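Notes follow once the structure below has been shown.
The values are calculated or read from the model by the stated rules, or taken from the named source; none is laboratory data. If you're wondering where the values come from, they're calculated on a predicted model, not measured in any experiment. Cβ placement follows ideal geometry from the backbone for every residue including glycine, while neighbour counts extend to all protein chains displayed.
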Amino acid sequence: MSLIPPEAVADQEMLARYVLSESSLYRDNRQGSLLRPNLFMPYRGETSVFRVDGLSETERVAAGEKVANERERKHRQAELTKGRAYPEAKCTFRYRGRGELRAHDVRTSGLDVTPKEPPERHANIVGWPQSGNKNADEAAHMLFAMKLQKKASYVSR
Amino acid sequence: MTATLSFRPTANLNANPSRATSSEADDIREKFQRFSESLQRAESLFAHPIRELGDAFLDCRHEDWDGYDAQPVPDEAYLQTKALLSQVLSAFPAPTASANPSGSLTLEWFAAPSRRLMVSLNGEQQLAFAGLFGSETVQGTASFLDDFPLELFWHLKRLYYR
C-alpha cells in the first residue's frame, strides 16, 4: 500500500462504475445507454468508482474483473457462512461492463468525487443528500442518479 | 362389465393428431401446429411488466444483490409495487422495473433520456419519486395506501401527453 496520499480527483478525470449484476442494465432493446440509474445510487452515502485515466482498455477491463472476482469471493463466503448452498459453478457477480463519466460531470450534477484508497485508484462519489427522511433522501438520490446516468456512457464487456 | 373409455385431452390441440398423409392433411397439421405454438406464447397485454417486476424482486431479495452491499427488497415492497403497477398499466405505457440499493423496488417510465419518472417503493406507506422533464426536475414523496397518488398521475400525464 502506498503511503503517499492520493491526489485529488481532477475535473477532467474519467471515472468508471463497474457493472457486476444484470440488475443494473435495462433488459429491453432500447437505443442508447443500457445503464440503469440505480447503478449510481449510493449506499451509506457513497458510490464507489475507479479512476481509470492512463489505463488501456485491457487494463480497465482487468480492473473491473478484479473488482467482480473480489465481490464474488466475498458473496460466496457469506452465502456458505449462512449455510446456503453455493455450487462451484455458480457465479452471481461478474464483470458485465462499466459506466464511464468525467469527474466534471459529477460535479456539475451537484455531487463531488473524493479519493478513497485502498484499493488503488478507488474514489467515492459523495455529497448525496442526507436529511434523515429516508423517502425524501431516496427521491433526491434518484434524481442525482438519473443525472449521472444521462451523462455516463456504457462500455459493454 | 368394465367399460373402457378413450382418453381425449382437451387442453392440447395436437393431442390426437391425424395420421392422414395427403398434402392437404400436412398443410392442416402444420397450421394447427403453428396455432398451438402461438397459444403457448400468448400472454395478456400487461403480463410482461408484471413479470419483469417479479424478476426484479427475485433478483434482489437477498442482501448485497448488486455486489455493492445493497439491502434486500422485502416482500411488502413487491406486493405494494405490484398493486401500484396494476392501477396504472391501463392508462400509461408500461414502466421498467428494478431495485435500489436501499432495498426498494423502482418503476421507471422512460420517454427520453431527459424525460423520465422514477418511483420507489419500500413497503411503507410513503413512496418516493423523481423525474426529469427537460431542464425541469421534480422530486418528492407521496402517500400510497389504496388509491394511485394524484401527484404521480399528473407527472405521468405530463410525461406522455403534454
Taking the stretch B:91-147 as the search range and keeping residues that are touching a residue at least 24 places away in the same chain (Cβ under 8 Å) and among the hydroxyl-bearing types (Ser, Thr, Tyr), which one is farthest from A:Tyr26 (Cα to Cα)?
B:Ser102
If we ask which residues in the stretch A:114-137 are surrounded by fewer than 17 Cβ atoms within 10 Å (Cβ to Cβ) and either away from chain B (no Cβ under 14 Å) or in a loop (DSSP other than H, G, I, E, B) (or both), their number turns out to be 12
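Suppose we filter A:Lys134, A:Lys116 for residues that are modelled with pLDDT under 95, over 25 Å from B:Gly131 (Cβ atoms) and of a type outside the set (A, V, I, L, M, F, W, C); which single one remains?
Details: A:Lys134 fails: over 25 Å from B:Gly131 (Cβ atoms).
Testing whether each residue is modelled with pLDDT under 95, over 25 Å from B:Gly131 (Cβ atoms) and of a type outside the set (A, V, I, L, M, F, W, C) leaves just A:Lys116.
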Where B:Asp64 falls short, out of the listed (1) more than 18 Å from A:Lys134 (Cβ to Cβ); (2) out of contact with any Lys or Arg (no Cβ under 7 Å at 6 or more places or on another chain); (3) at pLDDT 90 or above
(3)
Evaluation of A:Ser56 against (1) more than 8 Å from chain B (Cβ to nearest Cβ); (2) surrounded by 18 or more Cβ atoms within 10 Å (Cβ to Cβ); (3) among the hydroxyl-bearing types (Ser, Thr, Tyr) (one fails), failing number
(2)
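Under 27 Å from A:Glu7 (Cα atoms), in contact with a His (Cβ under 7 Å, 6 or more places away or on another chain) and surrounded by 15 or more Cβ atoms within 10 Å (Cβ to Cβ), is that true of A:Phe50? Step through it out loud before you land on a result.
Details: under 27 Å from A:Glu7 (Cα atoms): yes; in contact with a His (Cβ under 7 Å, 6 or more places away or on another chain): yes; surrounded by 15 or more Cβ atoms within 10 Å (Cβ to Cβ): yes.
Judged against the criteria, A:Phe50 is a match.
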Hey, among B:Leu159, B:Leu117, B:Leu85, B:Leu121, which residue is touching a Phe, Trp or Tyr at 6+ places or on another chain (Cβ under 8 Å), under 22 Å from B:Phe46 (Cα atoms), away from chain A (no Cβ under 11 Å) and crowded, with 16+ Cβ neighbours inside 10 Å?
B:Leu159
Of the candidates A:Tyr43, A:Tyr86, the one satisfying the condition of being touching a Lys or Arg at 6+ places or on another chain (Cβ under 8 Å), within 13 Å of another protein chain (Cβ to nearest Cβ) and within 20 Å of B:Trp65 (Cβ to Cβ) is A:Tyr86
Could we say that A:Val49 is of a type in the set (Val, Ile, Thr), modelled with pLDDT under 95, within 26 Å of A:Tyr26 (Cβ to Cβ) and touching a Phe, Trp or Tyr at 6+ places or on another chain (Cβ under 9 Å) here?
no
Answer yes if at least one residue in the stretch A:138-157 is of a type in the set (Asp, Glu), in a helix (DSSP H, G or I) and touching a residue at least 24 places away in the same chain (Cβ under 8 Å), and no otherwise.
no
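Going through A:Ala78, A:Ala16, A:Ala62 one at a time, which residue ends up being more than 12 Å from the chain's Cα centre (by Cα) and more than 10 Å from every other protein chain (Cβ to nearest Cβ)? Give the steps one after another, and end with the answer.
Details: A:Ala78 fails: more than 10 Å from every other protein chain (Cβ to nearest Cβ); A:Ala16 fails: more than 12 Å from the chain's Cα centre (by Cα).
Selected residue: A:Ala62, the only one of A:Ala78, A:Ala16, A:Ala62 that is more than 12 Å from the chain's Cα centre (by Cα) and more than 10 Å from every other protein chain (Cβ to nearest Cβ).
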The residue that is farthest from A:Ala145 (Cα to Cα), considering only those in the stretch A:61-100 that are without any contact (Cβ under 8 Å) to a residue 24 or more places away in the chain, of a type in the set (A, V, I, L, M) and part of a helix (DSSP H, G or I), is A:Leu80
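Among B:Asp55, B:Asp69, which is acidic (Asp, Glu), assigned to a helix (DSSP H, G or I), surrounded by 14 or more Cβ atoms within 10 Å (Cβ to Cβ) and at pLDDT 80 or above?
On the way: B:Asp69 fails: assigned to a helix (DSSP H, G or I).
So the residue among B:Asp55, B:Asp69 that is acidic (Asp, Glu), assigned to a helix (DSSP H, G or I), surrounded by 14 or more Cβ atoms within 10 Å (Cβ to Cβ) and at pLDDT 80 or above is B:Asp55.
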Top-ranked residue of the stretch B:88-114 - restricted to ones that are under 23 Å from A:Ala136 (Cβ atoms) and among the β-branched types (Val, Ile, Thr), ranked as nearest to the other protein chains (Cβ to nearest Cβ):
B:Thr106
